[in-house]
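> Here's a structure for you.
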Amino acid sequence: MKRGKQLNGSAAEVEAAFYEALNRADIDALMQLWADDEEIVCIHPGGPRLHGHAAIQASWEAILERGGLQIRPSQLHETHNLMSSVHTVIEGVTSSGGEPAHLIATNVYIKTPQGWRIVLHHVSVAPGAVPAHEHPASSLH
């Protein structure tokens, strides 16, 4: 699957575009954000490990067939270098019963000739209440 579209900017901007595409249920925009590599991986909460564009796209089509997800990512923790960036975020969602809930996602990006692209999206269900925003310690021991 060749993709010609260039998305310049940071991995964080690709992440924002990813969640916007999920919220709009825009499969084409969503899949353009993935690396042009069949080694990409996606793991949905409680689901199997999916490899490659075809399996990942089919899973998103099934998930988004009833519309967008309304996920609110927050509390980004980012580790990066020149060619890769690993993000963990809290995904705020509303349960089917209307209760606020949260998931924990790990998103991994690599720098490609087309810009930053997703190579891994892994989400798990998080128990308990949404954690308070963690602030880094102000002093070292």
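The values are calculated or read from the model by the stated rules, or taken from the named source; none is laboratory data. All of these numbers come straight from a predicted model, not from anything done at the bench. For neighbour counting, all protein chains shown are included, and Cβ atoms are generated from backbone atoms with ideal geometry for every residue, glycine included. Quick note on the areas: whole protein, heavy atoms, side chains included, nothing else; ligands and nucleic acids left out. Shrake-Rupley method; radii C 1.70, N 1.55, O 1.52, S 1.80 Å.
> For segment 16-35, give me the residue count where each residue is without any contact (Cβ under 8 Å) to a residue 12 or more places away in the chain and crowded, with 17+ Cβ neighbours inside 10 Å.
Selection size over segment 16-35: 0.
> Okay, next question. Considering only residues that are assigned to a strand (DSSP E or B) and open to solvent by 60 Å² or more (accessible area, probe 1.4 Å), look in segment 48-70 and name the one that is nearest to S84 (Cα to Cα).
The qualifying residue nearest to S84 (Cα to Cα) is H51.
> Among the residues of segment 92-106, are any among the acidic types (D, E) and without any contact (Cβ under 8 Å) to a residue 12 or more places away in the chain?
Yes - at least one qualifying residue is present in segment 92-106.
> Which one of E78, E38 is of a type outside the set (A, V, I, L, M), outside any strand (DSSP E or B) and surrounded by fewer than 16 Cβ atoms within 10 Å (Cβ to Cβ)?
Every option except E38 fails the conditions.
> Looking at P45, P73 in this structure, which one is open to solvent by less than 80 Å² (accessible area, probe 1.4 Å), of a type outside the set (V, I, T) and not in a loop (DSSP other than H, G, I, E, B)?
Answer to the selection: P73.
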